[in-house]
Amino acid sequence: QVQLVESGGGLVQPGGSLRLSCACSGIIFSVYAMRWYRQAPGKQRELVAVVTSGGNTNYAASVKGRFTISRDAAKNTVYLQMNSLKPEDTAVYFCNANHNGANYWGQGTPVTVSS
């Protein structure tokens, strides 16, 4: 059974930091591209960051320079380090694993940036 379990969300003040984690089981983690998406209230889900199986990364323009995606093969976990958070980063953040048509999602973790 495939499971992607996100954690680390919460309430943070503008300018603060959070680190999201997504622990994966039931997949061969090393071959999957891992992505973080987010969905703000009333908006479509958008891609935030991706790390390929080879470790290459890419980011949405809105988070470049502030967010860092990384993966730990020993822990089957992908992370999203979020710095200099802004109110517009408020959303539910979802982890996604994708490889050769197999596509899996976590349940999401909410992030609220507010003073």
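Note on the range 11-57: residues that are farther than 12 Å from VAL78 by Cα and in contact with a Lys or Arg (Cβ under 9 Å, 6 or more places away or on another chain) total 9. Just so you know, in the range 4-25 the residues that are among the hydrophobic types (A, V, I, L, M, F, W, C) and within 28 Å of GLY101 (Cα to Cα) include one that is most open to solvent (accessible area, probe 1.4 Å), and it is VAL5.
Criterion applied to TYR59, TYR93 was being surrounded by 14 or more Cβ atoms within 10 Å (Cβ to Cβ) and free of Cβ contacts under 8 Å to residues at least 12 places away in the same chain, and the one residue passing it is TYR59.
Close contacts from the range 97-115, counting a first residue that is farther than 30 Å from GLY15 by Cβ and a second that is among the hydroxyl-bearing types (Ser, Thr, Tyr) and modelled with pLDDT of 95 or more, with Cβ to Cβ under 6 Å and a gap of 6+ residues or different chains, come to ALA97/TYR32; ALA97/TYR104; HIS99/TYR32. Among the residues here, VAL48 does not qualify as more than 15 Å from TYR104 (Cβ to Cβ), of a type in the set (A, V, I, L, M) and outside any strand (DSSP E or B). Scanning the range 1-25 for residues that are over 13 Å from TRP105 (Cβ atoms) and either assigned to a strand (DSSP E or B) or out of contact with any Leu (no Cβ under 9 Å at 6 or more places or on another chain) (or both) gives GLN1, SER7, GLY10, LEU11, VAL12, LEU18, ARG19, LEU20, SER21, ALA23, SER25. What about ARG66, is it farther than 19 Å from GLU6 by Cα and basic (Lys, Arg)? It is true that ARG66 is farther than 19 Å from GLU6 by Cα and basic (Lys, Arg). When the range 26-44 is limited to residues that are surrounded by 15 or more Cβ atoms within 10 Å (Cβ to Cβ) and outside any strand (DSSP E or B), the one that is modelled with the highest pLDDT turns out to be TYR32.
The values are calculated or read from the model by the stated rules, or taken from the named source; none is laboratory data. What you see is a predicted model; the values in this text were computed from it and never measured. Every residue, glycine as well, gets a Cβ built from its backbone with ideal geometry; the counts of neighbours run over all protein chains shown. Heads up: the accessible areas ignore ligands, DNA and RNA and are worked out on the full protein's heavy atoms, side chains in. Shrake-Rupley method; radii C 1.70, N 1.55, O 1.52, S 1.80 Å.
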